[in-house]
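Enquirer: Quick one: the structure is below, questions incoming.
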Amino acid sequence: MRILAINPGSTSTKIAVYDNENRLFVTTFYHSPEALSHFPTILSQYDYRKELIIDELKKENLFSDFAAIVGRGGLLKPIASGVYEVNEAMKNDLRNATMQHACNLGGLLAEDIALLIPGCKAYIADPVVVDELEDVARLSGSPLMMRKSVFHALNHKAIARKYARSVNKKYEELDLIVAHLGGGISVAAHRQGRVIDVNNALEGSGPFSPERAGTLPARQLVDLCFSGDYTQEEIKKMITGRGGLMAHLGTTDAQNVVKRINEGDARAELVLKSMIYNIAKEIGAMSVVLHGKIDAILLTGGISYNDYCINKLKEYIAFIAPVYVFPGEDEMEALAFNALGVLRGKLNCKEYY
Ligand SMILES: Nc1ncnc2c1ncn2[C@@H]1O[C@H](COP(=O)(O)OP(=O)(O)O)[C@@H](O)[C@H]1O
Ligand SMILES: CCCC(=O)OP(=O)(O)O
């Protein structure tokens, strides 16, 4: 059975073709800020990304009899972890999502391309809105504002399961802290297979990241909003897209920041150390959520490739639990294997409504 997995990210689109468990092909299209600047919204990037995918598959002679196409799921209503068939309700919510992120294109692209192939199914798996929060984690200090579960659910679950397999345990038997350290950063407490607390990685909570501001001082933010100096759009960009390393240092590339530190840039050193310090604090917070009973801390995402960052982070957190590093992500395989599980009747396919 052939599966096509599609993962649209803020700066790239990844695709992979699987024949059952065997990966036949994987590639990443990188989209420069200039290339994306022509598109006023995420949705308007749709045709551009779709053509790239189809052209590449045709070029590789891989545009064939896919049994299923599975996309990274977007900013839908809060839902349970699992695989969902793309349907009208989902497409409608993806098209009209108030929060913007390229993953909103995953389900739409999967369905549109599946329609070109007779009998081909379209799914999403573990979208960024997987919500398993405990009730106590949902309240903020204002009844007008609830905390939301928005995070790298697909990679968190894939890495947690991979670690569980490596110690011959089930994910559902373990208490873990997982930190995805990418363009956005999410730190979660996984208690026996459920993500009971996590920072909202997209909308301004938790540590700052290469392109996001994380939690900001609330009163100063209010003053900024009403200063008349910034539009609503500009303030939103300060929170997501142009916050964090980008705001302080003009780059979202953590690798470049480490290079600058090695060249003696003291400002770069302070900012990166502060980002790491804030990640460590969030991991500490999640250790309390798990009552200090933690089997392992798992670090993943692109920044986990970097020894400077990982070593500095370990200096803070190593006392909490053993730390394991899974650089990059396992999202493409997780997407494909989730689709295979459904096609083989081993996983339940859920309905979105
Ligand atoms: N070897 C590396 N050293 C330091 N940072 C890295 C390295 N490789 C990737 N990164 C950083 O990881 C971040 C992107 O992580 P990634 O997981 O690819 O992002 P996303 O979560 O947006 O998919 C960028 O800041 C990038 O510079
Ligand atoms: C939490 C939403 C998904 C997300 O932030 O992904 P990236 O870090 O890849 O932009």
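The values are calculated or read from the model by the stated rules, or taken from the named source; none is laboratory data. This structure is a prediction, so every number in the text was calculated from the model and none was measured. Please note: Cβ atoms are built from the backbone with ideal geometry, for glycine as well, and neighbour counts cover all protein chains shown.
Enquirer: Write out, first by first residue and then by second, each pair whose Cβ atoms fall under 9 Å of each other, whose residues are 6+ apart or on separate chains, and whose first residue, in the range 60-73, is more than 19 Å from V86 (Cα to Cα) and assigned by TED's automatic domain parsing to the domain that holds L116 while the second is part of a loop (DSSP other than H, G, I, E, B) and hydrophobic (A, V, I, L, M, F, W, C).
Expert: Within 9 Å, the pairs are F63/L116; F63/I117; S64/I117.
Enquirer: Moving on. Looking at L94, L57, L108, L36, which one is surrounded by 13 or more Cβ atoms within 10 Å (Cβ to Cβ), in contact (Cβ under 8 Å) with a residue 40 or more places away in the chain and under 22 Å from the mean Cα position of the chain (by Cα)?
Expert: On the way: L94 fails: in contact (Cβ under 8 Å) with a residue 40 or more places away in the chain; L57 fails: under 22 Å from the mean Cα position of the chain (by Cα); L36 fails: in contact (Cβ under 8 Å) with a residue 40 or more places away in the chain.
Only one candidate passes the filter, namely L108.
Enquirer: Moving on. Which one of these does I294 not meet: (1) among the aliphatic types (A, V, I, L, M); (2) over 21 Å from T252 (Cα atoms); (3) within 16 Å of ligand 2 (Cβ to nearest atom)?
Expert: Just one mismatch for I294, condition (3).
Enquirer: Next up: Please note which helices (runs of 4 or more DSSP H) are completely contained in the range 1-120 and include at least 1 residues that are within 16 Å of ligand 1 (Cβ to nearest atom) and modelled with pLDDT under 95. Talk me through it step by step, then tell me what you get.
Expert: Values: elements: 33-37, 46-59, 88-95, 104-114.
By residue number, 33-37.
Enquirer: D265 fails exactly one of the following numbered conditions: (1) surrounded by fewer than 21 Cβ atoms within 10 Å (Cβ to Cβ); (2) touching a Gly at 6+ places or on another chain (Cβ under 7 Å). What is the number of that condition?
Expert: D265 satisfies all of (1) surrounded by fewer than 21 Cβ atoms within 10 Å (Cβ to Cβ); (2) touching a Gly at 6+ places or on another chain (Cβ under 7 Å) except (2).
Enquirer: When you go through T231, T300 one by one, which is the residue that is surrounded by fewer than 16 Cβ atoms within 10 Å (Cβ to Cβ) and of a type in the set (V, I, T)?
Expert: Details: T300 fails: surrounded by fewer than 16 Cβ atoms within 10 Å (Cβ to Cβ).
Exactly one of T231, T300 is surrounded by fewer than 16 Cβ atoms within 10 Å (Cβ to Cβ) and of a type in the set (V, I, T), namely T231.
Enquirer: OK, next. Give me the pairs, please: first residue somewhere in the range 139-150 and within 17 Å of R219 (Cα to Cα), second residue anywhere and in a loop (DSSP other than H, G, I, E, B) and at pLDDT 95 or above, beta-carbon distance under 6 Å, and either six or more positions apart or on two chains.
Expert: S140/R147
Enquirer: Could you check the range 313-353 and list, in sequence order, the residues that are of a type in the set (D, E), surrounded by 16 or more Cβ atoms within 10 Å (Cβ to Cβ) and more than 16 Å from ligand 2 (Cβ to nearest atom)?
Expert: The initial filter retains those residues of the range 313-353 that are of a type in the set (D, E), namely 315, 329-331, 333, 351.
Checking which are surrounded by 16 or more Cβ atoms within 10 Å (Cβ to Cβ) leaves us with 329-331, 333.
Residue satisfying the conditions is E333 alone.
Enquirer: A further question follows. From the list F25, F29, pick out the single residue that is free of Cβ contacts under 8 Å to residues at least 40 places away in the same chain, farther than 23 Å from E211 by Cα and of a type in the set (A, V, I, L, M, F, W, C).
Expert: Step by step, each of F25, F29 is checked, and only F25 is free of Cβ contacts under 8 Å to residues at least 40 places away in the same chain, farther than 23 Å from E211 by Cα and of a type in the set (A, V, I, L, M, F, W, C).
Enquirer: Now, a different point. So, of the residues in the range 180-230 that are touching a His at 6+ places or on another chain (Cβ under 9 Å) and among the small types (G, A, S), which turns out to be farthest from ligand 2 (Cβ to nearest atom)?
Expert: Looking at the filtered set, the residue picked out is A188.
Enquirer: Out of all the residues in the range 196-216, is one or more touching a residue at least 40 places away in the same chain (Cβ under 8 Å), on the phi < 0 side of the Ramachandran plot, away from ligand 1 (no atom under 16 Å from the Cβ) and not in a loop (DSSP other than H, G, I, E, B)?
Expert: Yes, the range 196-216 contains at least one residue that is touching a residue at least 40 places away in the same chain (Cβ under 8 Å), on the phi < 0 side of the Ramachandran plot, away from ligand 1 (no atom under 16 Å from the Cβ) and not in a loop (DSSP other than H, G, I, E, B).
Enquirer: Taking M146 and the conditions (1) more than 18 Å from A321 (Cβ to Cβ); (2) surrounded by 24 or more Cβ atoms within 10 Å (Cβ to Cβ), which numbered condition does it fall short on, given that it satisfies the others?
Expert: All conditions pass for M146, except number (2).
Enquirer: Continuing with the same structure: So which residues in the range 124-138 are within 13 Å of G74 (Cβ to Cβ) and not in a loop (DSSP other than H, G, I, E, B)?
Expert: So the first thing to find is which residues in the range 124-138 are within 13 Å of G74 (Cβ to Cβ), and the list is 124-130.
I124, A125, V130, listed by residue number.
Enquirer: Oh, and also: Testing E282 on (1) outside any helix (DSSP H, G or I); (2) within 16 Å of ligand 2 (Cβ to nearest atom); (3) modelled with pLDDT of 95 or more, one condition comes back false. Which one is that?
Expert: Tallying (1) outside any helix (DSSP H, G or I); (2) within 16 Å of ligand 2 (Cβ to nearest atom); (3) modelled with pLDDT of 95 or more, E282 fails exactly one: (1).
Enquirer: Something else: Return the residues of the range 297-345 that are modelled with pLDDT of 95 or more, outside any helix (DSSP H, G or I) and of a type in the set (D, E, K, R); say none if nothing qualifies.
Expert: Across the range 297-345, the qualifying residue is only R344.
Enquirer: Working only within the range 132-162, note down all residues that are of a type in the set (K, R) and within 21 Å of T300 (Cβ to Cβ). Working first, answer last.
Expert: First, the residues of the range 132-162 that are of a type in the set (K, R): 138, 147-148, 157, 161-162.
Selection gives K157, R161, K162.
Enquirer: Of the residues that sit in the range 234-262 and are surrounded by fewer than 19 Cβ atoms within 10 Å (Cβ to Cβ) and among the polar types (S, T, N, Q), which one is farthest from L202 (Cα to Cα)?
Expert: The extreme case among them is N262.
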